[in-house]
Amino acid sequence: MLKQDLIMKNPLRLMGHQTDDILCDGGFGAVIARAGVGKTALVVQLSINAQLRKQNVLHIALKDPVKKVCLWYDEVFRNIVEHYNVSDQDKLYEEIIPYRFIMTFRVEGFSVPVLEERLTDLMEQGIFVPKMIIIDGFPFHDDVRTSLDELKTMAKTHGFHIWFTVTAHRHDMPATNGFPPDFSQVADLFDTVIQLLPEGKEILIKSLKGGPENMDDSPLRLNTSTLLLVDHS
Amino acid sequence: MNKILAEVKKKSMKTDIKHVRNIGISAHIDSGKTTLTERILFYTKRIHAIHDVRGKDGVGATMDSMELEKERGITIASAATYCQWQNHEINIIDTPGHVDFTIEVERALRVLDGAVLVLCSVGGVQSQSITVDQQMKRYKVPCIAFVNKCDRVGANPDRVIRQLRDRLGHNAIAMQLPIGLEANHEGVVDLVSMTACYFDGPNGEIVREEPIPDDLIDLATEKREELIDAASMFSDDLMEAALEDTITEDLIISAIRKATLIRELTPVFIGSAYKNKGVQPLLDGITQLLPCPLDIQNEALDLDQDETPVSLVSDPDKPLVALAFKLEEGPYGQLSYIRVYQGTLSKGDTIINVRNEKKVKVGRLIRMHANQMEEIDTIRPGYIGALFGIDCASGDTFVDRDINYTMTSMYVPDPVISLAISPNDHQSEISMAKALNRFSKEDPTFKTYVNDETGETLISGMGELHLDVYIERMRREYKVALTAGAPKVAYRETITKRADFNYIHKKQTGGAGQFGRVAGYIEPVSDEPFIFENQVTGGAIPTQFIPACQKGFEKCMEKGPLLRFPVTGIKVVLNDGASHSVDSSEMAFQAAAVGAFKEVYHKAAPVIHEPIMKVVVETPTEFQGTVMGTLNQRRGMIVGTQDEGPMCVIEAQVPLAEMFGYSTLLRSSTQGKAQFTMEFATYRQVPKNIADEIIRKVQEENKHVA
């Protein structure tokens, strides 16, 4: 399989979207699931797809060190190329790595002004200008509306969109809009929300907001061993 | 000497193998590990005075035995020493802290059963601690941690424990609480015995136990609960005792030990070696929690059984298996540090060096205490000692004549940097040859050879500092007057596409003729340096000439036609050819292969590959942007940044060619507050514009040589 074919296997396209870029500049997307269900794996797949399309991705991890994030990328990339039988895997990986920048913070040390300062460092020196940002481990349980508003403004100004992972808890009852209670307070800021639901030995993918219309006809699933989307095509 | 000998014999007869600990002390540079070792030796009465590492009194710490180490305040060569504590015998290897000497650390870890990871309570888990930790993981060395320098401004052992968990993934658990920090650091609270320990006397040699200060009781109780919770995960007995409220100190220690041995728990001790606080409890920890040789499963490879792994048993009566892990040149000849894994090594024994199958007669056996020695008669399994006057290389295995085992070979990376050296006079030439011979025997990552085109002597190694230190050692220890050239990067060549060849080597104009035709193709491969495949059918090339063809191609791999750098990653497929009944010979086909390679190589889109280093910079956050800028200017690809409160860690991949002089630049652009480590990561293709520049330079140099 060639690189171009691999791009067409983007999780978003598999979910039924017509394009890879469903979020506009300043747009927010969220992947909601309980711990260990596959949120990071899914956002890393979105990130790898953007890198294959030569788009810079800034991956911000608030819980994991750089090394662990790198391992996620190694693992997911290996699973993808093996699944789709891609030739010259090492060369392709080397080709996409420059489109990735990992930043890790401690949750308590992360704030929008700090991120803005770091980003300015990167962009002014021409080191890295992101087109997409992933924030893994954002503390939605705190009062975060102000921070999210600031992030949205920053994303619009600098021309990128942001994907978040949101951890749901087993004991939390969903709010009336179907979102986890913490997240429901800020759900209006999000354009797309995807939920991963463990069902028996499978993980179902459900669109809670902004999904393609035909998505619920044949629900998508994550392969539990590779955490890749199951491709029925 | 006789008195010492008698004492040693008496003690070794008394010592049970269960009471032996072979440990290493590993850490980031400047974490204070040499000071800690010095204090350990003092409290175990191996030395009777304490000296500073940086040698204010002109003596220097005992373990830093080389002059250069004393001057730089870093440990370069691992000196081995032993001491006794609470009826336990502890062999200590003081390991180097700089990544350029990683092979020393790796070799030390190979012979150790356990290790103490020393961390600075201010600097915390630094980049070198991460490298050392990875090495410990590779060799599955159980470890305990010591958070040192609690007397320093900014000391925060709690933060270091968190970093151990977050950055190194250790299940770190505090064994102690500090009583005061920074200037008020007075002692520690032992969470197992729930007592406060203070260290009295001029050198902290008297341990005074007192009740826990009132203001620390609540915190100590809480931390003890955490300790018991963590330990009880590995012991049902402790879990039951916790439920029934019948916990004993022995139960806690035994559970923690069990978890430590399988690397599931890292007990953390705290103190300040420099201020003589917390060292004796750490020694207790070493004896109580780290493994004895019996706890560790060591394996060798049986050369008679196609290198099948065989388990070694710490039985003094079994055939000998011993590993020479460190060589040192002393005033009386070569000293080879050795660990016996199985059997007994005795004075007068005849043993075999597996590498060259030579018989060796064991002369003097000694036990080292840094650079002082004690003579002994035997080294039993699990023990570390040294042999005198035996010619061997480091990493050699010695065995009895009945077996043919070798210890697992260690991973030795290829050198990435080289430089030319030339002696200034005849005497220096002789001494330089001696020094190079010794260094390359001692350190497998240090190589030396003569460039047959320029006649220059080249040394190569793992980094600029690595080579600098050997040049300095030649100057100081061997009094060599030499001139060193600029460092050169070890580039490589490879091809990027398949190309066909069909080449005739023909010389039939007079005298003995030569004829050979070879045809086939070359193509890139990623996982092997060279593959040769013979697909010739129907005797187009007679079978007896095929090896000559292979030899011809192999010869071309040594120096690429593009720039004379070594060529890697090529598969040669030979599928046709022709021969002459009289004029074909091995020589003719070898020449045909060489001619074919030279002809086809340029059609296969050759490129240059350069070594890429993993560079980790630790810097105060305010300089993060500046540091990233310096890396970016040097063609560095920043992999990631990690914010750690006031400090931040930047990880990047940078071509080695761009790293010369980086330490000076980093110092000047961060007010000396940042530091970096560098290790080889991979080889990667040089960008076109840089490759053109390299080609131009090399061609100029070649012209100059010609």
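Read the figures in this text as sums done on the coordinates, not as results from a lab. None of these values were measured; they are calculated from a predicted model. Every residue, glycine as well, gets a Cβ built from its backbone with ideal geometry; the counts of neighbours run over all protein chains shown.
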0 to 90° range, to nearest 10: angle between helix B:624-633 axis and chain B longest Cα axis: 20
Inter-probe distance in nm under a simple model that places probes 7 Å from Cα toward Cβ, at B:Val582 and B:Thr496: 4.9
Cross-link partners of A:Lys9 among aspartates and glutamates (Cα-Cα below 16 Å; sequence separation of 8 or more within a chain): A:Asp20, A:Asp21, A:Glu82, A:Asp231
Global geometry of region B:240-331, whether rounded, prolate or oblate, following the gyration tensor of its Cα atoms and the 1.5 cut on a/c: oblate
Using a Förster distance of 25 Å, the FRET efficiency for B:His602-B:Thr509 (Cβ separation, nearest 0.05): 0.35
Pairwise FRET efficiency - B:Ala484 versus B:Glu225, Cβ, R0 = 45 Å, nearest 0.05: 0.15
Calculated from backbone phi, Karplus (6.51, -1.76, 1.60) coupling profile of region B:513-530 in Hz, x at Gly/Pro: x, 9, 8, x, 10, 10, 9, x, 8, 10, 8, x, 10, 9, 9, 10, x, 7
Proximal lysines relative to B:Lys506, as straight alpha-carbon distance under 23 Å, when same-chain residues fewer than 8 apart are discounted: B:Lys551, B:Lys555, B:Lys598, B:Lys603
For A:Phe164, distant residues with modelled amide H under 5 Å away: A:Gly29, A:Ala30, A:Val31, A:Ile135
Among the listed pairs B:Lys275/B:Lys673; A:Lys91/B:Lys614; A:Lys152/A:Lys209; B:Lys33/B:Lys347, those beyond 28 Å (Cα-Cα): B:Lys33/B:Lys347
Above-threshold pairs, the threshold being 19 Å between Cα atoms, out of A:Lys67/A:Lys156; B:Lys358/B:Lys441; B:Lys18/B:Lys258: A:Lys67/A:Lys156
Centroid-to-centroid separation of region B:181-220 and region B:631-683 [C-alpha atoms, Å]: 40
Principal-axis tilt of helix B:464-477 within chain B, Cα atoms, nearest 10 degrees: 80
Antiparallel DSSP beta bridges within the protein assembly as shown, percent to nearest 5: 70
Euclidean distance of C-alpha centroids, region A:161-205 and region A:88-120, integer Å: 24
Mean shadow area of the protein assembly as shown, taken as a quarter of the surface of its Cα convex hull (nm²): 47.1
Out-of-range pairs (alpha-carbon distance over 29 Å; input B:Lys137/B:Lys497; B:Lys497/B:Lys559; B:Lys149/B:Lys488; A:Lys131/B:Lys488): B:Lys137/B:Lys497; B:Lys149/B:Lys488; A:Lys131/B:Lys488
Charge-dipole axis of region B:363-516 as Lys and Arg at +1 and Asp and Glu at -1 on Cβ define it, positive-most pick from B:Phe388, B:Gln514, B:Leu436: B:Gln514
Two-site FRET efficiency, B:Glu209 against A:Thr176, from Cβ-Cβ distance with R₀ of 41 Å, rounded to 0.05: 0.10
Computed Rg/Rh of region B:607-706, alpha carbon atoms with Kirkwood Rh: 1.08
Vicinal HN-Hα couplings computed from phi for region B:302-317 (Karplus, 6.51 cos²θ - 1.76 cosθ + 1.60; Hz; Gly/Pro x): 7, 5, 6, 10, 6, 6, 6, x, 10, 7, 9, 10, 6, 10, x, 8
Reciprocal mean inverse distance between Cα atoms of region B:433-544 - Kirkwood radius, Å: 19.1
Along principal axes, Cα extents of region A:52-161, largest first, whole Å: 46, 30, 20
Part-to-part distance (alpha-carbon centres) for region B:444-465 and region B:311-366, which is given in Å: 30
Convex hull projection area averaged over all views, region B:417-488, Cα basis, nm²: 4.3
Residue-wise HN-Hα coupling along region A:99-113, computed from phi with Karplus coefficients 6.51, -1.76, 1.60 (Hz; x: Gly, Pro): 8, 10, 9, 9, 10, 10, 9, 7, 3, 6, x, 8, 8, 5, x
Other-chain or far-sequence residues with amide H under 5 Å of B:Met613's (modelled H): B:Val654, B:Leu656, B:Ala681
Three principal axis lengths of region B:299-407 [C-alpha, angstrom, descending]: 41, 26, 22
Difference of contour (0.36 nm per residue) and Cα-Cα distance, B:Tyr139 to B:Glu533: 138.2 nm
Shielding by partners - mean other protein chain Cβ count within 10 Å, residues of B:631-643: 6
Contour excess over end-to-end distance, with Cα ends at B:Asp295 and B:Glu374 and 0.36 nm allotted per residue: 25.7 nm
Spin-label model distance (nm) - B:Arg355 vs B:Asn575, 7 Å beyond Cα toward Cβ: 4.4
Paramagnetic reach from B:Glu622 in region A:115-143 [backbone N under 11 Å; point 7 Å along Cα→Cβ]: none
Low-density loop positions, GluC sites (Glu not before Pro), region B:188-274 - DSSP coil, at most 16 other Cβ in 10 Å: B:Glu205, B:Glu264
Interchain or long-range residues, amide H under 5 Å from B:Val639's placed H: B:Glu651, B:Ala652, B:Gln653
Sequence-distant aspartates and glutamates (8 or more away, or on other chains) whose Cα lies within less than 15 Å of B:Lys688: B:Glu493, B:Glu610
B:Thr246 paired with B:Arg684, simple spin-label distance in nm, labels 7 Å along Cα-to-beta-carbon: 6.2
Distance histogram for chain B (every C-alpha pair counted, 20 angstrom bins, percent rounded to whole numbers): 15, 43, 31, 9, 1, 0
Cβ neighbours within 10 Å from other chains - mean over A:110-119: 1
